[in-house]
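The values are calculated or read from the model by the stated rules, or taken from the named source; none is laboratory data. As the structure is a prediction and not an experimental result, all values here were calculated from the model. Cβ atoms come from the backbone with ideal geometry, glycine included; neighbour counts cover every protein chain shown.
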Amino acid sequence: MASAMANMDALKGTHRELKAKMEKSVEDFRAHLLSTRTGRANVHMLDQIRVDYYGTDTPVAQMGQVSTPEPTLILVQPYDVSMVSAIEKAIRNIRRDGNDQIKKAAKDKLISADDEKRANEEVQQLTDAEIKRVEELFRAKEKEVMTI
């Protein structure tokens, strides 16, 4: 996909920054999935996973009760169910920051109103693509874990 933002001098840096942050979020998620192994479940498999909880990186074990009721099952009962969508929210926060930078460039007359509209559409496309990648990674890992 050709990038309209990458061709706008005022937004080149914003485009690179957004893409890098979104890719890092997805890569972090992928790395966490790789640490999950099939076989016997262990609550310590979640030790490295942290969630942004009201501005603080918090270990999952502190976010809820973690147990292994069966040999192949880890059960996390979050104290705050809103944390389940933390990854998606992190990607949407990156989107908001990008849109704010685009809005500022338009306000400072560095880009036209048409450029602003195209750039905002591109940020949404980037966001949708990264969320789709997260969902695909999750489905693939879920399938792997469910196959014994």
Residue in region 106-114 that is over 17 Å from residue 9 (Cβ atoms), at pLDDT 75 or above and either assigned to a helix (DSSP H, G or I) or in contact with a helix residue (DSSP H, G or I) (Cβ under 9 Å, 6 or more places away or on another chain) (or both) present: no
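In the set 87, 74, which member is in contact with a Ser or Thr (Cβ under 6 Å, 6 or more places away or on another chain) and at pLDDT below 70? Outline the logic, then answer.
Values: 87 fails: in contact with a Ser or Thr (Cβ under 6 Å, 6 or more places away or on another chain).
That would be 74, the only listed residue that is in contact with a Ser or Thr (Cβ under 6 Å, 6 or more places away or on another chain) and at pLDDT below 70.
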Residue tally, condition of a type in the set (D, E, K, R), without any contact (Cβ under 8 Å) to a residue 60 or more places away in the chain and in contact with a Ser or Thr (Cβ under 8 Å, 6 or more places away or on another chain), over region 90-129: 1
Pairs where the first residue, in region 130-146, is within 19 Å of residue 20 (Cα to Cα) and the second is at pLDDT below 75, C-beta under 8 Å, 6+ apart: 130/91; 131/88; 131/91; 134/87; 134/88; 134/91; 137/33
Among the candidates 50, 16, residue that is at pLDDT below 85 and of a type in the set (Lys, Arg): 50
